[in-house]
Amino acid sequence: MTDRNAIRQWARQQRRALSPQAQAEAAKAVARQAMALPDVRQANSLALYLANDGELDPALLMDSLWQAGKQVLLPVLHPFTPGHLLFLRHRPGSPMVANRFGIPEPPLDIRQLVTLDSVDLVFTPLVAFDDAGHRLGMGGGFYDRTLANYQGPVVGLAHDQQQHPALPAMAWDKPLGLIVTPGQIKRFRT
Ligand SMILES: Nc1ncnc2c1ncn2[C@@H]1O[C@H](COP(=O)(O)OP(=O)(O)O)[C@@H](O)[C@H]1O
Ligand SMILES: [Mg+2]
């Protein structure tokens, strides 16, 4: 755990050190690369996230997905099952509320819920990744638990600076299907 926490500190420092200009360029490059992926072109319903703490900002990608007529979903903390996420439909200008971590999310509305079997692709934020497709998150295990039995593509979005030589993976870690950074697109599985 100490190992993993030390790597989290290092990677968060790496991404926070990026200038606003570097962040903006990275967001543009990742949006362009992601939109060209066959997995994304084929998907109708895709889960995304809102950037926090220097994460690769997928806002441009979200706009492109909307323009392509796709359904965009955002994660919401599960109201009953601790440590799990639900995915809700998100449209341009939809209202948002702060969750208990202070992170904006769509207000819980069962009519906007899309169950995982109808989610075609999940983009995840991450703290660090490696060239075997291991993913290190913030330490809450939310995506690991939520996606444990998910069969669709799980696509990590990140800055190249968040790549680690070899992450210590745990049995419960959900592996990435693909990683997209400004400098690379790499497919690990599916
Ligand atoms: N599928 C799962 N079932 C039960 N507990 C899980 C599962 N996935 C993760 N956890 C728990 O969540 C905690 C955080 O997981 P970790 O992988 O370290 O976080 P992160 O993926 O955010 O970096 C761990 O203590 C782990 O036991
Ligand atoms: Mg994990």
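Taking every residue in the range 83-112 that is closer than 22 Å to residue 61 by Cα and pairing it with any residue that is surrounded by fewer than 10 Cβ atoms within 10 Å (Cβ to Cβ), at least 6 positions away or on another chain, the pairs with Cβ-Cβ distances below 6 Å are 104/98.
Kindly evaluate residue 151 against the criterion of being in contact (Cβ under 8 Å) with a residue 24 or more places away in the chain and either of a type in the set (S, T, N, Q) or open to solvent by 70 Å² or more (accessible area, probe 1.4 Å) (or both). No: the conditions fail for residue 151. Might you let me know whether the range 120-143 holds any residue that is among the hydrophobic types (A, V, I, L, M, F, W, C), over 29 Å from residue 32 (Cβ atoms) and open to solvent by 10 Å² or more (accessible area, probe 1.4 Å)? No, that holds for no residue.
The set of residues in the range 102-133 that are over 15 Å from residue 12 (Cβ atoms) and near ligand 1 (Cβ under 10 Å from one of its atoms) contains only 124. Close contacts from the range 1-19, counting a first residue that is away from ligand 2 (no atom under 16 Å from the Cβ) and a second that is open to solvent by 60 Å² or more (accessible area, probe 1.4 Å), with Cβ to Cβ under 9 Å and a gap of 6+ residues or different chains, come to 14/161; 15/161; 17/161; 18/161.
The values are calculated or read from the model by the stated rules, or taken from the named source; none is laboratory data. Everything quoted here is computed from the prediction, not taken from an experiment. Counting neighbours? That spans all protein chains shown, and the Cβs are built from the backbone with ideal geometry, glycine included. Remember, those area values only see protein heavy atoms, side chains included, never the ligands or the DNA or RNA. Shrake-Rupley method; radii C 1.70, N 1.55, O 1.52, S 1.80 Å.
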